[in-house]
Amino acid sequence: MQKKQTVRQTGFTLVEISIVLVVIGLLLGGVLKGQELIDSAKVKNLAQDFRTVPMLINAYQDKFRALPGDDSRATTHVCPASTSGCTANGNADGRIGGNWDDGVEQPSEAIRFWQHIRLANLAAGATDTAASDFLPLNGAGGRIGVQSGGATAPLGVSGSHVICSAGIPGKFVRQLDGMFDNGDPATGAMRAGVGSTTPVGASDLDDSAAYVVCLGV
């Protein structure tokens, strides 16, 4: 008489499955936390741009009694004696003329702003407007710029000067506006829009879309 062979079924026990699920949960939590830390660092970097530009304006004014970009004696103030033509003078009307996103082909005062502060050793960066890396970029890869405020200020923000930063994801816009203003990117000192004309409200922000953010100072 043949003995019956017992077939043993193999598989995961409930304990083993529980351990796997715990490990997966820990891994997902670590990934999410890591992404949160990365996003937080990016927001802080973007926020620092808005804090730095006013400091650069004040430092240049303290040093030369003139606005960078608008300085009518910039060639005397910031150019070495042997290279008096290293930049162009402004018109000294008390405004940073031009638009924050002007091109370098015919440099406005808004473009010369960066040249003046760099030649004055107040900021790092290329001083030749023809250099490929002359125009400053933010941590999201978008353009940074400054211009005078007024009736035609981008996104309708108020202030003597307006600082704008482009290519900022909507999820970062929410955090930035909460840091600098009232949390509503359609109103207040900081505003955001798809372009530089119409601000977008908090409820209309797309977290993954890119926006121009402007702050009046």
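If you take percent of Cα pairs over 32 Å apart from the coordinates, which of [x] 16; [y] 20; [z] 35 do you get? Computed from the coordinates, percent of Cα pairs over 32 Å apart corresponds to [z].
Which is the longest stretch in the chain that no exposed loop site breaks, taking sites as trypsin sites (Lys or Arg not before Pro) with a DSSP loop state and at most 14 other Cβ atoms within 10 Å? Don't skip to the answer; put the middle values down first.
Working: sites that count: Lys3, Lys4, Arg8, Arg65, Arg73.
Counting at most 14 other Cβ atoms within 10 Å as exposed, the longest clean stretch of the chain is 74-217.
On full extension, the segment bounded by Leu137 and Ser203 gains 21.0 nm, given 0.36 nm per residue less the C-alpha separation. Ellipticity at 222 nm from helices only: DSSP H runs of n ≥ 4 in the chain, each -39500 (n - 2.57), divided by the residue count, give -12500 deg cm²/dmol. In this label model, Cys79 and Ala59 are separated by 2.3 nm, measuring between points 7 Å along each Cα→Cβ vector. Within the chain, helices built from complete DSSP H runs that reach 24 Å or longer along their own axis (Cα positions) and carry a mean Kyte-Doolittle hydropathy of -0.5 or higher are 14-64. A Förster distance of 45 Å, applied to the separation of the beta-carbon atoms of Cys86 and Val23, puts the FRET efficiency at 0.15.
Across segment 128-137, coupling constants 3J(HN,Hα) worked out from phi with the 6.51/-1.76/1.60 Karplus curve, θ = phi - 60°, read 8, 5, 7, 5, 5, 9, 5, 5, x, 10 Hz, and Gly and Pro carry x. Phi angles of segment 191-199 translate, via the Karplus equation with coefficients 6.51, -1.76, 1.60 and θ = phi - 60°, into HN-Hα couplings of 9, 9, x, 5, x, 9, 10, 10, x Hz per residue; Gly and Pro are given as x.
For Ser160, the residues whose amide H sits under 5 Å from its own are Val217, ignoring neighbours fewer than 5 places away on the same chain, with H placed 1.01 Å from N. The mean sequence distance of close C-alpha pairs (under 8 Å, at least 6 residues apart), as a share of the length of the chain, puts its relative contact order at 14 percent.
Read-outs: derived from the displayed coordinates by stated rules, not from any lab. Values in this document were obtained by computation on a predicted structure and should not be read as measured data. Quick reminder, even Gly has a Cβ in these numbers, built from the backbone with ideal geometry, and neighbours come from all protein chains shown.
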